[in-house]
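Below you'll find the structure, written out as structure tokens, and then a few comments.
The values are calculated or read from the model by the stated rules, or taken from the named source; none is laboratory data. Since this is a predicted model, take the numbers as computed values, not measurements. FYI the Cβ positions are ideal-geometry reconstructions off the backbone, even for glycines, and counts take in every protein chain you see. Ligands, DNA and RNA are excluded from the accessible area calculation, which covers all protein heavy atoms including side chains. Shrake-Rupley method; radii C 1.70, N 1.55, O 1.52, S 1.80 Å.
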Amino acid sequence: EARPFVTVAATEACLSACGDLIAQTIGKHLPTHNKTEPAKGYDLWRTSRFVMFAMCVSPLGVKWHRFLDRRFPIRSQMTWFKSKPRVSRAKRRSEQKHTARQVGKRLACDVMIYEPAMYALFFASMAIMEGGGWEDAKYRVNTLLLPTYLTGLTISPIIQSINFAFVPLIYRVPFGSSFDLFWDSYLSW
């Protein structure tokens, strides 16, 4: 809690490195078209690009979750469960409806604003860090953004709904990042 940006940056760095190394490991064991090509070692420069990107954008994730918390407040993070026996059923149901509406608003903003922006930033950053320049960055964003975004829509809303409804603010970015381990493997593929 004292240094959320440092904590999140370190967590993101570790998880993105692991995600990329998982993708490289899987890639080493898949059959290739050229059977005579020797197995390559790990591309640690590629991994370092993932780590650099994750560390640089992680403060945006913290700020984004803080913004969503202020813009769409939830009175109690645990309203889905019976928290206090003294609370009437009608009151509890009202709290649950309020929470569901706020989670839905957070999710809509996350899916429509934050995720596409992060994908565009990711593809552009990777192109530039790989030495491709602005034309390559524009090409990657134009060709990879939509398919990646649509694929992300298959899992991200589920994870983020759980994240927004049940996870306290200080743990939201690390919670989401734990799933990013697998998503980073997909992205680096």
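When segment 43-74 is examined, which residues are found to be in a helix (DSSP H, G or I) and in contact with a Ser or Thr (Cβ under 6 Å, 6 or more places away or on another chain)? Full working, then the answer.
As a first pass, look at segment 43-74 and keep what is in a helix (DSSP H, G or I): 44-71.
F50, V51, F53, A54, listed by residue number.
Within segment 8-17, restricting attention to residues that are in contact (Cβ under 8 Å) with a residue 60 or more places away in the chain and closer than 10 Å to M55 by Cα, the residue that is surrounded by the most Cβ atoms within 10 Å (Cβ to Cβ) is S16. Within segment 113-144, the residues that satisfy the criterion of being modelled with pLDDT of 95 or more, open to solvent by less than 40 Å² (accessible area, probe 1.4 Å) and small (G, A, S) are A120, A124, S125, A127, A137. Count of segment 145-173 residues, restricted to those that are in a helix (DSSP H, G or I), open to solvent by 30 Å² or more (accessible area, probe 1.4 Å) and in contact (Cβ under 8 Å) with a residue 24 or more places away in the chain, is 8. Take the conditions (1) among the aliphatic types (A, V, I, L, M); (2) in contact with a Ser or Thr (Cβ under 8 Å, 6 or more places away or on another chain); (3) over 30 Å from A2 (Cα atoms); A165 misses just one of them, which is (3). When segment 168-189 is limited to residues that are among the polar types (S, T, N, Q) and closer than 14 Å to A10 by Cα, the one that is modelled with the highest pLDDT turns out to be S178.
Taking (1) under 13 Å from the mean Cα position of the chain (by Cα); (2) not in a helix (DSSP H, G or I) in turn, G131 satisfies each apart from (1).
In segment 58-66 there is at least one residue matching the filter, namely being farther than 24 Å from F123 by Cα and at pLDDT 90 or above. Just one of the numbered conditions (1) open to solvent by 60 Å² or more (accessible area, probe 1.4 Å); (2) touching a residue at least 40 places away in the same chain (Cβ under 8 Å); (3) among the aliphatic types (A, V, I, L, M) is not true of L187: (1).
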